Each structure stands twice: as C-alpha cells, then as structure tokens.
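A quick write-up on the structure given underneath.
The values are calculated or read from the model by the stated rules, or taken from the named source; none is laboratory data. Remember, it's a predicted structure, so these values are computed and weren't measured experimentally. Quick reminder, even Gly has a Cβ in these numbers, built from the backbone with ideal geometry, and neighbours come from all protein chains shown.
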Amino acid sequence: MEEFPVKVSEAVCLGASLALSGICYCLYKKSRTTLDKLEDAPHFTIDGKLKDILKVTPGACLQYAVIEGAVQPVGEPLTSSFQKEIFGVLQKVLLREHRLVWNSLSRTWTDSERVLHQRVTAVPFVLVGSDDTAVRVLCHLQASGVHMETTHEKFHPVNYGFSDIIGQYLSGEKLKGQLETEEMLKVGATLTGVGELILDTDGTLNLRPPSNGSEYFLSITDFDTLLGEQESTAGWWKGLAIASAVAGAGVLLWLGRRYYNQLKVHWQREKERREFDRLRAENPRARAPVAGHEAIEDEEEEHLENACVICLTQPRNCILLECGHVCCCYSCYQALPQPRCPICRQSISRVVPLYHV
C-alpha cells in the first residue's frame, strides 16, 4: 500500500492544538494551585492580637495569610498630578498614542496603541486595623491584583489638515490622539493583602511576597471578589485546554478516518485482483504458448497492436464494465485515481479478464 500522506495544514493544526492544549493545561494547573492556596489561607484581623498569634507561631511567620486594612502612608503621601485634593501611596502615570492602521486582509481600519511615557512612583505604606495596629506592606510593586483606581483620564485628539488626510491614506496610518491616564492607590482605601505575614525583631508586622513561591496579592476588592476572579481565570484556562484538546482529537479522528478509507480502498483492490487472477486461472480457453520463430513474431506484432493505452508496455487484459471498453491492463486499471473508463469516462462497476482464443 502507498504511504499515508499527512498534509502540511493538518500537521500544523494538530501540532498547534496539542501545544496550545498543553500550555493552557499548565496555566490552569497553576491557577488552580493558586486558588486552592487562597481558599486554605487563614484570615486575620489587624489588631493587637495579631502580634500575640505570631509570637507563638514557629519562626514568627505565617507563610500565607489574608489581612485587610486601611492604607496609610509612612511619611508624606503622594499628590495627584491632576487633582490636588487626592493623595495616595502608589501612582502610575501613562501616556499612550492611539492610531488607526489599515488592514489589507480585512479591508478595515484597526486600532493600535503605543506607550509613549510611563512613570510609577511609590512611597512606603502600612495597612491599619481598627485599633491602630499597622502592618507594613513590602515589595508592593511585585503584587498581583487590582490595587489602583483611575483618578484621571483624558484623551487629546489630533486635528487634521487636508494634506494630513492625504498622507494618512497613502501611508495607511491615522493618528487618533493621545490618552493620558493616572492611577493611584489612595490614602484611606481598604486593601486586601495575601502574602507572608511576619513579626520582625523590632516588633513591627510586615506583609511580603511568600518565600514558598505562592502568588502575592494586593487588591482594593474584598477577598470574596478576589477569589471569584481567580476561579474565573482558572475556569477560562480549563475551558481553553479542553477546547484545544477536542480540536486536536478532531484532527486525529479526521486523519484516522482518511487512513481507514484508504485501507478500505486497498482491501477492495486486493480483493478484485485476487478475483481477477482466479478467473484467469480457471478459464480453459486461455491460449497456450506456441513455440517457433513465426509465433514469436506474431506475438510481438499482436503485443504492439494490443498494448495498454496507459502504460503502452503491457497487453490489454481486462474488460471494463458496464461500458465494455478494452483499453488497458489490470495494473493500470487499479492505478486509476477514479474508477472511470479512460475512453468514455463512464463509471466502472466491475472488471473481468480478457481471454485470447
């Protein structure tokens, strides 16, 4: 049987789906592990009892704990660059340029943005509880979660002249304008922190990234919302992994079906060949070979007149039914891409041997 061909597109689809499924599954496992740790993390109230708990804890350290408190700066807070009455401990100013770029494939203008300027400023801060007990937050720039809110957002559009419009259509790019945003973690905001809680030697409480590799969270939402966001993320990765695996399985099933159909055709041809050979062997009218110089010349002349119209080397030894044409040898018949007569293009239902008497 001829080799089973796999098209480049099929190989690419199969490899991409399996690779994407593996990546999504790894991300799902990571999200699921983070979610399990969040669900198992103990919750503590920031008050005077928190120090007592840590004093009796081995190493004065809780590897993964959840606390919630009000944000207060250590020293002078930051002032908003656009609204002087807003104070915070973490500030991010971002200037982005927005353009429309012509997509020749979809024949539409698509939005594109580029960061022109970014500035992040931070000051030390603590989370304060109900009785003024404070927990200092360390390495807050390494934390995940939404821990800032937008305090300023303004879009500066660009005014076009006639020459600018002509140039944009020629270059395939339109400058829309610049978006200026400011995000801040405000003083007094309620912040949920999930990380490693330690009692320092000087008696201060600190929250820092976990030393065991768990994810560090700071969020202005409550813990239940944070947990729901992680569940949603894990669900998305799980769904993408399943969808990619199903797509890969579909490609494999398609290849298997095509291979099975090819095997069926091979088996049918083998069955026809065996039946053809059996009919030839059982026919009593088959001409016996005749010796002699004249017989050889007759055979050569007959071979040239009776040559297969396809290979031009073998004699015509089969009859194509139902049309009845005698035009090829059996080997060339089996090599036809479609079971159609080479002479009249009519479908071939069966083939019987041609006998010379």
Worksheet item: Is there a residue in the range 110-124 that is within 22 Å of residue 152 (Cα to Cα), among the polar types (S, T, N, Q) and assigned to a loop (DSSP other than H, G, I, E, B)?
Response: no
Discussion item. Could you go through the range 155-165 and let me know if any residue there is surrounded by 16 or more Cβ atoms within 10 Å (Cβ to Cβ) and in contact with a Leu (Cβ under 8 Å, 6 or more places away or on another chain).
Written reply: no
Item to complete: Could you figure out which of (1) at positive phi; (2) surrounded by 13 or more Cβ atoms within 10 Å (Cβ to Cβ) isn't true of residue 230?
Response: (1)
Item to complete: Run residue 217 past the list (1) within 30 Å of residue 67 (Cβ to Cβ); (2) aromatic (Phe, Trp, Tyr); (3) more than 35 Å from the chain's Cα centre (by Cα) and report the number of the one that doesn't hold.
Response: (3)
Worksheet item: Quick check, is residue 51 more than 29 Å from the chain's Cα centre (by Cα), part of a helix (DSSP H, G or I) and over 30 Å from residue 116 (Cα atoms)?
Response: yes
Worksheet item: Mind checking whether some residue in the range 89-105 is more than 23 Å from residue 214 (Cα to Cα), aromatic (Phe, Trp, Tyr) and modelled with pLDDT under 90?
Response: yes
Discussion item. Consider the range 324-353. How many of its residues are crowded, with 16+ Cβ neighbours inside 10 Å, part of a loop (DSSP other than H, G, I, E, B) and either of a type in the set (Val, Ile, Thr) or in contact with a Lys or Arg (Cβ under 9 Å, 6 or more places away or on another chain) (or both)?
Written reply: 4
Worksheet item: On the given criteria, is residue 22 within 14 Å of residue 237 (Cα to Cα) and either surrounded by fewer than 14 Cβ atoms within 10 Å (Cβ to Cβ) or within 16 Å of the chain's Cα centre (by Cα) (or both)?
Response: yes
Worksheet item: Is there a residue being modelled with pLDDT of 90 or more, in contact with a helix residue (DSSP H, G or I) (Cβ under 6 Å, 6 or more places away or on another chain), surrounded by 13 or more Cβ atoms within 10 Å (Cβ to Cβ) and not in a loop (DSSP other than H, G, I, E, B) anywhere in the range 74-87?
Response: no
Worksheet item: How many of the residues in the range 108-130 are over 20 Å from residue 178 (Cβ atoms) and of a type in the set (A, V, I, L, M, F, W, C)?
Response: 6
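Only one of these is hydrophobic (A, V, I, L, M, F, W, C) and touching a helix residue (DSSP H, G or I) at 6+ places or on another chain (Cβ under 8 Å): 6, 93. Name it. If you could, list the steps in order and put the result at the bottom.
Values: 93 fails: touching a helix residue (DSSP H, G or I) at 6+ places or on another chain (Cβ under 8 Å).
Going through 6, 93 in turn, just one is hydrophobic (A, V, I, L, M, F, W, C) and touching a helix residue (DSSP H, G or I) at 6+ places or on another chain (Cβ under 8 Å): 6.
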Practice prompt. Keeping to the range 149-175, report how many residues are under 30 Å from residue 219 (Cα atoms) and among the small types (Gly, Ala, Ser).
Written response: 0
Worksheet item: residue 175 fails exactly one of the following numbered conditions: (1) hydrophobic (A, V, I, L, M, F, W, C); (2) within 29 Å of residue 227 (Cα to Cα); (3) part of a strand (DSSP E or B). What is the number of that condition?
Response: (2)
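Restricted to the range 34-47, and to residues that are over 14 Å from residue 195 (Cβ atoms) and surrounded by 12 or more Cβ atoms within 10 Å (Cβ to Cβ), which residue is farthest from the chain's Cα centre (by Cα)?
In the first step, residues of the range 34-47 are kept if they are over 14 Å from residue 195 (Cβ atoms); the result is 35-36, 39-40, 45, 47.
Narrowing the set further to residues that are surrounded by 12 or more Cβ atoms within 10 Å (Cβ to Cβ) leaves 35-36, 45, 47.
Values: 35: 23, 36: 25, 45: 42, 47: 47 Å.
Top of the filtered list is 47.
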Worksheet item: When the range 125-146 is examined, which residues are found to be modelled with pLDDT under 90 and assigned to a loop (DSSP other than H, G, I, E, B)?
Response: 129, 130, 131, 132, 133, 145, 146
Worksheet entry | Where a residue in the range 9-32 is closer than 13 Å to residue 240 by Cβ and its partner, wherever it lies, is aromatic (Phe, Trp, Tyr), with Cβ under 8 Å and at least six apart | 24/237; 25/237; 27/237; 28/237; 31/237
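Quick one: count up the residues across the range 104-126 that are over 30 Å from residue 172 (Cα atoms) and either surrounded by fewer than 10 Cβ atoms within 10 Å (Cβ to Cβ) or of a type in the set (Gly, Ala, Ser) (or both).
Just the residues of the range 104-126 that are over 30 Å from residue 172 (Cα atoms), to begin with: 119-126.
Restricting the remaining residues to those that are either surrounded by fewer than 10 Cβ atoms within 10 Å (Cβ to Cβ) or of a type in the set (Gly, Ala, Ser) (or both) gives 122.
So the answer is 1.
Name the residue, out of 146, 71, 66, that is within 18 Å of residue 221 (Cα to Cα) and in contact with a Leu (Cβ under 6 Å, 6 or more places away or on another chain).
Numbers: 146 fails: in contact with a Leu (Cβ under 6 Å, 6 or more places away or on another chain); 66 fails: in contact with a Leu (Cβ under 6 Å, 6 or more places away or on another chain).
That would be 71, the only listed residue that is within 18 Å of residue 221 (Cα to Cα) and in contact with a Leu (Cβ under 6 Å, 6 or more places away or on another chain).
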